[in-house]
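A short reminder: the numbers here are calculations on the coordinates, not readings from a lab. Small disclaimer: the values here were computed from a predicted structure and weren't measured. Note that we place each Cβ from the backbone using ideal geometry, even for glycine, and neighbour counts take in every protein chain shown.
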């Protein structure tokens, strides 16, 4: 009897050990195949590692600038996920996916000049790898201010090259804004004494006084379809948000709050976001474009918000926060998370790719433009163009 009991116990112990081992193996297998997704989001995304070989001079500089501010980093070929090799003749090259062990892009560029060809190659690299269009051939407008406070509105490539003055006012100027679908700008100028909003069609040379009400006329912002213009006026003795048709007709006051500023449009044209004061506290708010009740945009942890700009994909609102210094912040447009502080600076403006911002910050008491990849926090300064450069506005419809 004892013998049979002992065998029974041994059998039970063996079953338990096998079951335990099996469970342990399943646990280890589950752990082994578990995919740990990298954190993604503003300031959290890791750059895409690429190598550059065979490029030099201006072409190399353009590729490095364009790719860096769109979320790429440069490493040795053996550490790169994508290897970019220069062509021996002209501008162009081959992009190889080292993991897939295949060529994913092979192209040569002709015409125009080497700089523009390099921007086009960078665009094709970005689109091939990420599926998103590149920003290399886009433009910006900005204010260039002299030490005496006067200035002019300039237009340049997004990296600051090929700059040219659009105004010759020799006056205080501010807040350039592109008109979607047209090579045209709105901006504020004191050229005729009062701060008025002018419209300037760069294709035809047409220039007209768009808003010339008594008092402040500033911060024009054009709706995505180009049919409406929001702006800041104080025609009622209080600085508020107004909207009108693109030809200046049908002016309508949208807000009655105090000290409104910096209106911008949602990509669907349904909302206008702006900075204001409520109970003496500066906040971001939004109002229906046709009028209605304002709603607060939550910016917890980023006090004194101003200068909002809504990303073209509708997901984000970039803005300036001020404590002791100015900081560039980004918050989900739906209020689902707190803002993220990305860099020191002010006046952010989105590019059409909804991941790159241009803004200005101070270097030795002069303002300089900088380009920021929101998701990796990679920043490149733009070479100073004329005086103190600030208030950039990215043209979002070019090549998109």
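In plain terms, the chain from residue 40 to residue 225 could stretch by 63.5 nm, reckoned as 0.36 nm per residue minus the Cα-Cα distance. Here's the picture: a label point sits 7 Å out from the Cα of residue 250 along the beta-carbon direction, and within the stretch 218-232 the residues with their amide nitrogen under 20 Å of it are 220-232. Ranking of 127, 152 by neighbouring Cβ atoms within 10 Å, starting from the fewest: 127, 152.
The stretch 52-101 and the stretch 158-201 have their alpha-carbon centroids 36 Å apart. Quick note on the chain: its Rg to Rh ratio, both from C-alpha atoms and Rh being the Kirkwood radius, is 1.15. Taking 7 Å steps out from each Cα toward its Cβ at residue 209 and residue 344 produces label points 4.2 nm apart. Extension gain for the segment residue 325 to residue 148, taken as residue separation times 0.36 nm less the Cα-Cα distance, is 61.3 nm to one decimal. Note on residue 277 and residue 295: their simple-model spin labels are 2.6 nm apart, each label 7 Å out from Cα toward Cβ.
Relative contact order, whole percent, for the chain stands at 12, derived from Cα pairs under 8 Å and 6 or more residues apart. With springs only between Cα atoms under 10 Å, which of 228, 46, 102 fluctuates most in a Gaussian network model of the chain? The residue that fluctuates most here is 102.
What is the order of 61, 234, fewest Cβ neighbours within 10 Å to most?
61, 234
Residues 358, 166, 104, arranged from fewest to most other Cβ atoms within 10 angstrom of their Cβ, appear as 104, 166, 358. From helices alone, the chain scores -5500 deg cm²/dmol at 222 nm; the rule is -39500 (n - 2.57) for each run of n ≥ 4 DSSP H residues, then divide by the residue total.
For the stretch 92-164, the relative contact order comes to 18 percent (Cα pairs under 8 Å, sequence separation of at least 6). In terms of its alpha-carbon gyration tensor, the stretch 87-144 comes out oblate; a/c meets the 1.5 threshold, while b/c is at least as large as a/b. Each Cα pair under 8 Å and six or more residues apart adds its separation to the average, and for the stretch 48-130 the resulting relative contact order is 29 percent. The eigenvalues of the Cα gyration tensor, multiplied by 5 and square-rooted, give the stretch 48-130 an equivalent ellipsoid with semi-axes of 19, 13, 12 Å from largest to smallest. Using a Förster distance of 25 angstrom, determine the FRET efficiency expected from the C-beta separation of residue 171 and residue 202, and round it to 0.05. So, using R0 = 25 Å, E works out to roughly 0.85.
Comparing 142, 121, 55 in a Gaussian network model of the chain (Cα springs below 10 Å), the most mobile by mean-square fluctuation is 55.
Modelled this way, with points 7 Å down the Cα-to-C-beta line, the labels at residue 73 and residue 192 are 5.4 nm from one another.
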